[in-house]
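*Asks:* Questions regarding the structure given below will be posed in turn.
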Ligand code: AHR
């Protein structure tokens with residue numbers, strides 16, 4: 001090879017190396033929590049289709065609700081040299097060490113649907129989440145309006161202990177309770193975001209509250225726990241949605257079925273499409289160095305029986321919930 005040709009070849013290699021990665025070349029590792037709820041199943045399924053739309057290779061690791069599995073998955077993604085890591089953090093604390101490792105390996109991390117403690121803010125590129133304090137407040141405001149000043153004892157089914165969304169949904173709801181002396185949270189316990197646990201905890205609330213007679217409303221941090229609670233109320237001879245009001249979060253198809261049947265009253269929607277905006281952010285970051293905002297906020301919309309629940313059920317039921 002002549003020195004001119006060698007120079008040209010070297011220049012070509014240099015240009016190729018500095019070219020931004022195209023979507024087709026991107027591989028993203030996603031550490032998913034598990035499949036505790038219909039919402040999470042839909043998030044996994046929507047993430048796959050959003051990645052396929054953009055021709056991004058998405059590797060999903062299911063952590064089966066365990067933070068230690070998520071940490072292992074992140075380390076494995078780092079070892080594989082993925083272009084980015086998506087993390088749905090099961091709890092908010094304990095991420096600093098592993099996220100520092102990702103940062104040292106120059107792999108950007110995007111949080112999906114849950115947040116981590118403020119100490120870790122420097123360790124991820126952006127977070128695609130709803131405002132979960134606001135979700136709790138929307139649920140509380142709906143209840144305050146529904147009972148219109150009447151005394152109302154509320155039982156609360158909390159999400160996973162230590163999860164940002166559980167802490168925040170409680171905080172948001174409590175802020176409305178603090179402004180409405182007629183609302184009182186008389187019992188509050190975790191149902192771990194699952195139907196089975198939601199049912200079990202609701203059974204114990206009913207027993208402790210005179211067969212449910214002293215309960216005016218149930219607030220659940222997700223719809224799956226509410227679906228379990230509805231079952232518990234029916235088995236106790238109560239009429240959910242009438243004897244006891246319900247308000248929960250996610251907007252999964254089954255809650256619309258319950259609203260259509262008059263067995264549930266309200267839900268606050270959480271979109272399962274967290275990966276779409278996250279992929280767009282990563283692609284722009286990789287291609288042009290565009291730094292996304294630290295928080296990409298998704299919408300929180302309230303639905304009730306006034307919103308044609310049967311139609312919403314029909315439109316959502318094929319979406320992987
Ligand atoms: O982080 C989002 C929450 O996690 C959803 O509301 C709940 O269903 C899921 O398990």
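*Asks:* Please work out if residue 262 is more than 12 Å from the ligand (Cβ to nearest atom) and more than 13 Å from residue 136 (Cβ to Cβ).
*Replies:* Details: more than 12 Å from the ligand (Cβ to nearest atom): yes; more than 13 Å from residue 136 (Cβ to Cβ): yes.
For residue 262, the condition - more than 12 Å from the ligand (Cβ to nearest atom) and more than 13 Å from residue 136 (Cβ to Cβ) - is met.
*Asks:* Okay, moving on. Across region 211-231, which residue is nearest to the ligand (Cβ to nearest atom) among those that are without any contact (Cβ under 8 Å) to a residue 40 or more places away in the chain and within 18 Å of residue 185 (Cβ to Cβ)?
*Replies:* Our first condition is that a residue be without any contact (Cβ under 8 Å) to a residue 40 or more places away in the chain; within region 211-231, this holds for 211-213, 227-228, 230-231.
Within this subset, residues satisfying the condition of being within 18 Å of residue 185 (Cβ to Cβ) are 212-213.
Numbers: 212: 24, 213: 29 Å.
The qualifying residue nearest to the ligand (Cβ to nearest atom) is 212.
*Asks:* Something else: Here are some residues: 43, 36, 50. Which one is more than 16 Å from the ligand (Cβ to nearest atom) and either within 21 Å of residue 194 (Cβ to Cβ) or touching a residue at least 60 places away in the same chain (Cβ under 8 Å) (or both)?
*Replies:* Numbers: 43 fails: more than 16 Å from the ligand (Cβ to nearest atom); 36 fails: more than 16 Å from the ligand (Cβ to nearest atom).
Within the list 43, 36, 50, the selection yields 50.
*Asks:* A further question on this structure: Residues in region 164-178: is at least one surrounded by fewer than 16 Cβ atoms within 10 Å (Cβ to Cβ), over 21 Å from residue 34 (Cβ atoms) and within 16 Å of the ligand (Cβ to nearest atom)?
*Replies:* Here is the first cut: in region 164-178, the residues surrounded by fewer than 16 Cβ atoms within 10 Å (Cβ to Cβ) are 171, 175, 178.
The next check asks that each one be over 21 Å from residue 34 (Cβ atoms); those that pass are 171, 175, 178.
Still in the list and also within 16 Å of the ligand (Cβ to nearest atom): 171.
Yes.
*Asks:* What residue, among those in region 93-123 that are within 16 Å of the ligand (Cβ to nearest atom) and surrounded by 20 or more Cβ atoms within 10 Å (Cβ to Cβ), is nearest to residue 70 (Cα to Cα)? Reasoning before the result, please.
*Replies:* The initial filter retains those residues of region 93-123 that are within 16 Å of the ligand (Cβ to nearest atom), namely 93, 95, 110-117.
Those still in the list that are surrounded by 20 or more Cβ atoms within 10 Å (Cβ to Cβ) too: 95, 110-116.
On the way: 95: 10, 110: 14, 111: 13, 112: 13, 113: 15, 114: 14, 115: 14, 116: 13 Å.
In this case the residue turns out to be 95.
*Asks:* Which residues, counting only those in region 232-242, are in a helix (DSSP H, G or I) and surrounded by fewer than 18 Cβ atoms within 10 Å (Cβ to Cβ)?
*Replies:* Taking region 232-242 and keeping what is in a helix (DSSP H, G or I), we get 232-235.
Result: 234, 235.
*Asks:* Let me ask something else. Please enumerate the residues belonging to region 143-163 that are surrounded by fewer than 20 Cβ atoms within 10 Å (Cβ to Cβ) and more than 16 Å from the ligand (Cβ to nearest atom).
*Replies:* Taking region 143-163 and keeping what is surrounded by fewer than 20 Cβ atoms within 10 Å (Cβ to Cβ), we get 144-151, 153, 161-162.
144, 145, 146, 147, 148, 149, 150, 151, 153 - these are the residues of region 143-163 that are surrounded by fewer than 20 Cβ atoms within 10 Å (Cβ to Cβ) and more than 16 Å from the ligand (Cβ to nearest atom).
*Asks:* Within region 50-74, can you find the residues that are exposed (fewer than 15 other Cβ atoms within 10 Å of the Cβ) and outside any loop (DSSP other than H, G, I, E, B)? If you could, list the steps in order and put the result at the bottom.
*Replies:* Residues of region 50-74 exposed (fewer than 15 other Cβ atoms within 10 Å of the Cβ): 52-53, 55, 64, 66, 68.
Those that are exposed (fewer than 15 other Cβ atoms within 10 Å of the Cβ) and outside any loop (DSSP other than H, G, I, E, B): 52, 53, 68.
*Asks:* For region 180-193, what are the residues that are away from the ligand (no atom under 16 Å from the Cβ) and touching a residue at least 24 places away in the same chain (Cβ under 8 Å)?
*Replies:* Filtering region 180-193 down to residues away from the ligand (no atom under 16 Å from the Cβ) leaves 180-189.
Those that are away from the ligand (no atom under 16 Å from the Cβ) and touching a residue at least 24 places away in the same chain (Cβ under 8 Å): 180, 182, 183, 184, 185, 186, 187, 188, 189.
*Asks:* If you don't mind, another one. Under the condition of being in contact with a helix residue (DSSP H, G or I) (Cβ under 8 Å, 6 or more places away or on another chain) and either without any contact (Cβ under 8 Å) to a residue 24 or more places away in the chain or within 12 Å of the ligand (Cβ to nearest atom) (or both), which residue from region 194-210 is nearest to residue 247 (Cα to Cα)?
*Replies:* This residue is 198.
*Asks:* Keeping to region 276-313, report how many residues are part of a helix (DSSP H, G or I) and surrounded by 14 or more Cβ atoms within 10 Å (Cβ to Cβ).
*Replies:* Total satisfying the criteria: 17.
*Asks:* Under 6 Å between Cβ atoms, at least 6 apart or on separate chains: pull out the pairs that start in region 242-269 with a residue that is more than 19 Å from residue 159 (Cβ to Cβ) and end on any residue that is part of a loop (DSSP other than H, G, I, E, B) and within 11 Å of the ligand (Cβ to nearest atom).
*Replies:* 253/321
*Asks:* Tell me the residue from 260, 196, 251 that is surrounded by fewer than 20 Cβ atoms within 10 Å (Cβ to Cβ), in the same structural domain as residue 138 (by TED's automatic domain parsing) and within 20 Å of residue 34 (Cα to Cα), please. Outline the logic, then answer.
*Replies:* Working: 260 fails: within 20 Å of residue 34 (Cα to Cα); 251 fails: surrounded by fewer than 20 Cβ atoms within 10 Å (Cβ to Cβ).
Answer to the check: 196.
*Asks:* The conditions are (1) at pLDDT 95 or above; (2) more than 14 Å from the ligand (Cβ to nearest atom); (3) in a helix (DSSP H, G or I), and residue 11 fails exactly one of them. Which is it?
*Replies:* If we test residue 11 against (1) at pLDDT 95 or above; (2) more than 14 Å from the ligand (Cβ to nearest atom); (3) in a helix (DSSP H, G or I), just (1) comes out false.
*Asks:* Of 139, 208, 144, 148, which residue is over 20 Å from residue 265 (Cα atoms) and modelled with pLDDT of 95 or more? Give the steps one after another, and end with the answer.
*Replies:* Working: 139 fails: over 20 Å from residue 265 (Cα atoms); 144 fails: over 20 Å from residue 265 (Cα atoms); 148 fails: over 20 Å from residue 265 (Cα atoms).
From the options 139, 208, 144, 148, the qualifying one is 208.
*Asks:* What number of residues in region 290-304 are in contact (Cβ under 8 Å) with a residue 12 or more places away in the chain, out of contact with any strand residue (DSSP E or B) (no Cβ under 6 Å at 6 or more places or on another chain) and more than 19 Å from residue 113 (Cα to Cα)?
*Replies:* Of the residues in that region, 1 qualify.
The values are calculated or read from the model by the stated rules, or taken from the named source; none is laboratory data. Everything quoted here is computed from the prediction, not taken from an experiment. Don't worry about glycine lacking a Cβ; one is built from the backbone with ideal geometry, like all the others, and counts go over all protein chains shown.
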